[in-house]
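What follows is calculated from the coordinates using simple rules that are stated; it is not laboratory data. Here the structure is a predicted model, which means the values were calculated and not measured. Virtual Cβ from ideal backbone geometry, glycine too; neighbours counted across all protein chains shown.
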Amino acid sequence: MKKVAIGCDHAGFELKEKIVEQLKAMDVDVQDIGTNNSESVDYPDFAHSVAKLVNDGKTDLGILICGSGNGVNMAANKHANVRSALSWNPEIAELARTHNNANVLALPARFISKETAKEIVEKFLTTEFEGGRHERRVQKI
C-alpha cells in the first residue's frame, strides 16, 4: 500500500477533498495535512509539511494543490529529496514519473476540472520511474 501525503491552500481545498476520496478508493494510505476549509491560508506552510514527509521518507509520494500549482511546487522543490512536478494533464504527470522520478505532484485547482485532476492523480500514482538513461539526469538535479 502506497503512503501519500496531501496538502493544499484555500484555493485547493475543494479539489483536495475529492482527491482524498479517490485515494482512499484506490486503497492508498492518505496523510491529509490540510487545510481543512476555504479560509485564506499561506500555501508554503502546507507545501513544506508535505514535502518534509516525502523528503524524510515517511510517505512514498506527495500531492499539493493551490490555485495555480506554482506556489506549492516552488516551495516543495526547496527540499533536497523532493522532485515536485506541476501537471495539468495526465501525460505531463506520466512523463514526470517516468523521466524525472517526480515524487510530488502539484495541481492547479483553478485551471483543471475535477475529472482531469483525478485522471492526473491516477496516472501519477500508477506510473513508475523508467530509470536507465533518466537516472543520471535525475542525479544531476
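Summary table
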{"quantity": "Check: the chain dipole with +1 on Lys, Arg Cβ and -1 on Asp, Glu Cβ, in debye", "calculated": "540"}
{"quantity": "Mean Cα-pair separation over length for the stretch 1-103, i.e. relative contact order, pairs under 8 Å, 6 or more apart, %", "calculated": "29"}
{"quantity": "Unit charges at the beta carbon, dipole of the stretch 3-139: most positive-side option, GLN139, ASN103, PHE13", "calculated": "GLN139"}
{"quantity": "Residues GLU122 and LYS24, FRET efficiency given R0 of 22 Å [Cβ-Cβ distance, rounded to 0.05]", "calculated": "0.95"}
{"quantity": "Cα centroid of the stretch 22-36 to Cα centroid of the stretch 93-141, whole Å", "calculated": "18"}
{"quantity": "Local electrostatic count at LYS123 - Lys and Arg +1, Asp and Glu -1, tallied over other residues with Cβ under 9 Å", "calculated": "-3"}
{"quantity": "Average projection area in nm² (convex hull over Cα atoms of the chain, one quarter of hull surface)", "calculated": "7.3"}
{"quantity": "Cross-link table LYS118/LYS140; LYS18/LYS52; LYS24/LYS140; LYS114/LYS140; LYS18/LYS58, entries beyond 27 Å C-alpha to C-alpha", "calculated": "LYS118/LYS140; LYS24/LYS140; LYS114/LYS140"}
{"quantity": "Extension gain, MET1 back to SER40 (0.36 nm per residue minus Cα-Cα distance, nm)", "calculated": "10.7 nm"}
{"quantity": "Amide H within-cut-off set for VAL41, under 5 Å, with H built and near neighbours excluded", "calculated": "HIS10"}
